[in-house]
Amino acid sequence: MKVLFATTNPAKIKRYADKLKERNIEVVTIKDLGINLKPEETGKNAIENAYIKAKAYYDATKITTIGMDNNLYIEELPEEKQPGTHVRRVNGKELNDDEMIEYYCNLVNEYGGKLTAKWVYGMVIYDGKEPKEYSWNKSHFYFVNKPCKKRNPGYPLDSMSIMPESNKYFVELTEEDKNKNKENCKKDDVIDFIVNNI
């Protein structure tokens, strides 16, 4: 079985492709197919944006497509400064990984050196019929203003995110650290959702 992952983010692809391969599902990417499509992500939340991406790429390829998006909420920020669906898009500009780290470090500095954050994820599988939706979150972590030198391409904020249980940057977490965090066990739930809905 072949499924298209509607993302150019290498970290997102890597996160799921190997596990899906174990379940006899081959993940192809936008890059693999040489598609140059940029659907406008006008959704109000992660699920709506995931659907926009999944439908646009399915319509272009007729391959069952996974769309995924994530929203970021930071407790200490006022509503008008919440990244929400625009984690990379700031003041109309799409930030690269380094620019994201710089922007969010400046925010942390502006609000006292440490911010409490939560990611909300949305995934939609679309095959031209009824879309299948799944949502989960990763909460209770902190942004700090001194980023780790180690980078996770596609997930730059992992270099300035600290997991409270281990007091380590996300980019430095071992598999053992990740398994201690119950929310990371959701990865298997996400794989099950994909396998059961394609």
Query raised in the report: Has the stretch 34-43 got any residue that is of a type outside the set (Lys, Arg), part of a helix (DSSP H, G or I) and surrounded by 11 or more Cβ atoms within 10 Å (Cβ to Cβ)?
Result: no
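Here is a yes/no grid of residues against (1) assigned to a loop (DSSP other than H, G, I, E, B); (2) touching a strand residue (DSSP E or B) at 6+ places or on another chain (Cβ under 8 Å):
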| site | (1), (2) |
| --- | --- |
| Ile101 | no, no |
| Val108 | no, yes |
| Gly122 | no, yes |
| Gly128 | yes, no |
| Ser135 | no, yes |
| Phe141 | no, yes |
| Lys186 | no, yes |
| Asp189 | no, yes |
Query - Subset of the stretch 148-170 (residues that are of a type outside the set (Lys, Arg), farther than 30 Å from Asp59 by Cα and in contact with a Phe, Trp or Tyr (Cβ under 8 Å, 6 or more places away or on another chain)) - result: Cys148, Asn152, Leu157, Asp158, Ser159, Met160, Ser161, Ile162, Met163, Pro164, Phe170
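Residues checked against (1) polar (S, T, N, Q); (2) at pLDDT below 95; (3) on the phi > 0 side of the Ramachandran plot:
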| site | (1), (2), (3) |
| --- | --- |
| Ile30 | no, yes, no |
| Thr42 | yes, yes, no |
| Ala50 | no, no, no |
| Asp59 | no, no, no |
| Lys93 | no, yes, no |
| Asp98 | no, no, no |
| Asn106 | yes, no, no |
| Thr116 | yes, no, no |
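Identify the residue in the stretch 1-25 that is part of a strand (DSSP E or B) and surrounded by 11 or more Cβ atoms within 10 Å (Cβ to Cβ) and, among all such residues, is farthest from the chain's Cα centre (by Cα). Let's see the steps before the verdict.
Looking only at the stretch 1-25, we keep the residues that are part of a strand (DSSP E or B), and these are 2-5.
From what is left, the residues that are surrounded by 11 or more Cβ atoms within 10 Å (Cβ to Cβ) are 3-5.
Numbers: Val3: 18, Leu4: 16, Phe5: 12 Å.
Here the answer is Val3.
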Requested in this report: Could you look through the stretch 136-163, keep only residues that are modelled with pLDDT under 95 and of a type in the set (Gly, Ala, Ser), and pick out the one that is farthest from Phe5 (Cα to Cα)?
Outcome: Ser139
Query raised in the report: How many of the residues in the stretch 159-180 are touching a strand residue (DSSP E or B) at 6+ places or on another chain (Cβ under 7 Å) and either crowded, with 16+ Cβ neighbours inside 10 Å or assigned to a helix (DSSP H, G or I) (or both)?
Result: 9
Report summary line: Selection from the stretch 110-154 of residues surrounded by 20 or more Cβ atoms within 10 Å (Cβ to Cβ) and within 18 Å of His86 (Cα to Cα) yields Leu115, Ala117, Gly122, Met123, Phe143
Query - Residues within the stretch 44-63 that are surrounded by fewer than 20 Cβ atoms within 10 Å (Cβ to Cβ), in contact (Cβ under 8 Å) with a residue 60 or more places away in the chain and either of a type in the set (S, T, N, Q) or in contact with a helix residue (DSSP H, G or I) (Cβ under 7 Å, 6 or more places away or on another chain) (or both), tallied - result: 1
Query raised in the report: Of the residues Asn137, Asn152, which single one is in contact with a helix residue (DSSP H, G or I) (Cβ under 9 Å, 6 or more places away or on another chain), among the polar types (S, T, N, Q) and under 21 Å from Asn45 (Cβ atoms)?
Result: Asn137
Query raised in the report: Glu80 passes all but one of (1) in contact with a strand residue (DSSP E or B) (Cβ under 9 Å, 6 or more places away or on another chain); (2) surrounded by fewer than 20 Cβ atoms within 10 Å (Cβ to Cβ); (3) not in a loop (DSSP other than H, G, I, E, B); which number fails?
Result: (1)
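The values are calculated or read from the model by the stated rules, or taken from the named source; none is laboratory data. Here the structure is a predicted model, which means the values were calculated and not measured. As a convention, Cβ positions derive from the backbone with ideal geometry for all residues, glycine included, and neighbour counts pool all protein chains shown.
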